[in-house]
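Structure record follows, encoded as structure tokens.
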Amino acid sequence: MIKVAPSLLASDYLDFGGALQKVMASGADALHYDVMDGEFVPAITFGQDLLKRLASKGFPVDAHLMIVHPEKHIKEFAEAGAHYITVHQEAAGFQLNDTLRLIRSCGCLAGVSVKPYTSVEALSDCLELCDLILVMTVEPGKGGQKLLPFTLDKVRRVKQMCEEHGVHPLIEVDGGINTETARLAVQAGANMLVAGSAFFKAEDQVGFVKMLKESEN
Ligand code: DX5
Ligand code: ZN
């Protein structure tokens, strides 16, 4: 089963409640929530308080932390109600494994992400601690970019590494996902698809999510 997580980043910022309703009504599995701190990436977006308001509706929130020192903020995001919390390997550094353990100990599903130019081999020591591996298919920091085709090889490699280790985390892709690139990502091994612009631009969001979920056929 392919999971779909539309990204709030591409929604109308005057109406976050409406955006959540659209996502919930679309048949998607989670709301992807991009947290940017102006340091790990240039932009600054949303924090814990907005996440708490959104999570209060009971729909799973997939928090993607593009922030330095993510370990300092895990508890707050968990208490706010995040279902998945993903940190960047590049930001977590030596504390990555402890941070993943911390996420799980807070009752959330633990994710780790790598930017396009970070080798996935950097994850080989933490695979057992991950419920989700997010392979960035664009440079993180903004929506509306084109998927970088070489990142699909990384998805293939992550899948292979997981098989070798006998673990089965979700393999998520994020950036430039539309109905065409979704098929390529799923063929490469992804089973969770983030879509920002393509979701919010779609006239038929139910149909869009259905097509993404059928990408493997
Ligand atoms: C980029 C974010 C993505 C973004 C994807 O840094 O992590 O989640 O919302 O947007 P699209 O789907 O427009 O590429
Ligand atoms: Zn994201």
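The values are calculated or read from the model by the stated rules, or taken from the named source; none is laboratory data. These figures come from a predicted structure and were not determined experimentally. Note that each Cβ is placed from the backbone with ideal geometry, even for glycine, and that neighbours are counted across all protein chains shown. Just the protein is used for accessible areas: all its heavy atoms, side chains included, with ligands, DNA and RNA removed. Shrake-Rupley method; radii C 1.70, N 1.55, O 1.52, S 1.80 Å.
From the helices alone, meaning DSSP H stretches of at least four residues, give me the mean residue ellipticity at 222 nm for the chain, per-run term -39500 (n - 2.57), in deg cm²/dmol to the nearest 500.
Computed mean residue ellipticity for the chain: -10000 deg cm²/dmol.
What is the pair-distance distribution P(r) of the stretch 91-217, computed from all Cα-Cα distances in 5 Å bins starting at 0, with each bin given as a whole percent?
In order of increasing distance, the bins hold 2, 11, 21, 21, 20, 14, 8, 3, 0 percent.
Assuming 0.36 nm per residue, please report the length gained on full extension of the stretch Asp15 to Met1 beyond their Cα-Cα distance.
2.0 nm
Distance in nm between label sites at Lys75 and Asp125, each 7 Å beyond Cα in the beta-carbon direction?
Modelled inter-label distance: 2.6 nm.
Which whole-Hz ³J(HN,Hα) couplings does the stretch 19-26 yield from phi under the Karplus relation 6.51 cos²θ - 1.76 cosθ + 1.60, θ = phi - 60°, glycine and proline marked x?
5, 4, 4, 4, 5, 5, 7, 7
Over the stretch 93-201, what is the mean sequence separation of C-alpha contacts under 8 Å (at least six apart), divided by residue count, expressed as relative contact order in percent?
RCO, the stretch 93-201: 24 percent.
Using only alpha carbon pairs under 8 Å that are at least six residues apart, calculate the relative contact order of the chain and give it in whole percent. Could you put the intermediate results ahead of the total?
Details: 451 pairs, mean separation 44.8, N = 217.
Reported relative contact order: 21 percent.
How many nm separate the modelled label positions at Tyr117 and Val206, each set 7 Å beyond the Cα in the direction of the Cβ?
Distance between label points: 4.5 nm.
At a Förster distance of 25 Å, what's the computed FRET efficiency of Cys106 paired with Glu39, Cβ-Cβ distance as r, to 0.05? Before the final figure, lay out each step's value.
Details: r = 23 Å, r/R0 = 0.92.
After rounding to 0.05, the efficiency reads 0.60.
Take the Cα of Gln160, step 7 Å along the line toward its Cβ, and report every residue of the stretch 113-144 whose backbone nitrogen sits under 20 Å from that point.
Residues 114-128, 133-137 fall inside that zone.
Count of lysine pairs in the chain with Cα atoms under 19 Å apart, counting only pairs 8 or more residues apart in sequence or on different chains?
Counting lysine pairs in the chain gives 21.
Run through every distinct alpha carbon pair of the stretch 16-139 and return the Kirkwood hydrodynamic radius in angstroms, one decimal place.
Taking the inverse mean of 1/r over all distinct Cα pairs, the stretch 16-139 comes out at 14.6 Å.
Which order do Asp62, Asp15 take by accessible area at a 1.4 Å probe, largest first? Please list the in-between numbers first.
Details: Asp62 0, Asp15 75 Å².
Heavy-atom accessible area, descending, gives Asp15, Asp62.
I'd like to know how the stretch 151-207 sits against the 2.2 N^0.38 Å rule of thumb: what's its Cα Rg over that expected value?
The value comes to 1.24.
Considering only DSSP beta bridges where both residues belong to the chain, give the percentage that are antiparallel (nearest 5). Let's see the in-between values first.
Numbers: 1 of 33 bridges.
For the chain, the DSSP antiparallel bridge percentage is about 5.
Take the Cβ-Cβ distance between Phe150 and Lys57 as r, set R0 to 45 Å, and report the resulting FRET efficiency rounded to the nearest 0.05. Display every interim value, and only then the final one.
On the way: r = 38 Å, r/R0 = 0.83.
Calculated transfer efficiency: 0.75.
Mind jotting down the three principal axis lengths of the stretch 130-173 based on Cα atoms? Whole angstrom, largest first.
Dimensions of the stretch 130-173 along the principal axes of its Cα atoms: 35, 19, 9 Å.
Kindly provide the chymotrypsin sites (Phe, Trp or Tyr not before Pro) of the stretch 139-207 that DSSP labels as loop, not H, G, I, E or B, and whose Cβ sees at most 16 other Cβ atoms within 10 Å.
Passing both the DSSP loop test and the Cβ count: Phe150.
Using every alpha carbon pair in the chain, what percent of pairs falls into each 5 Å bin from 0 up to the bin containing the largest distance?
1, 8, 17, 21, 22, 17, 10, 3, 0, 0
With all protein chains present, calculate the accessible area of Glu39 using a 1.4 Å probe and round the result to the nearest 10 Å².
Counting only protein heavy atoms, the figure is 140 Å².
Against the 2.2 N^0.38 Å scaling, with N counting residues, where does the stretch 15-85 land? I'd like the Cα-based Rg ratio to two decimal places.
Compactness ratio reported: 1.08.
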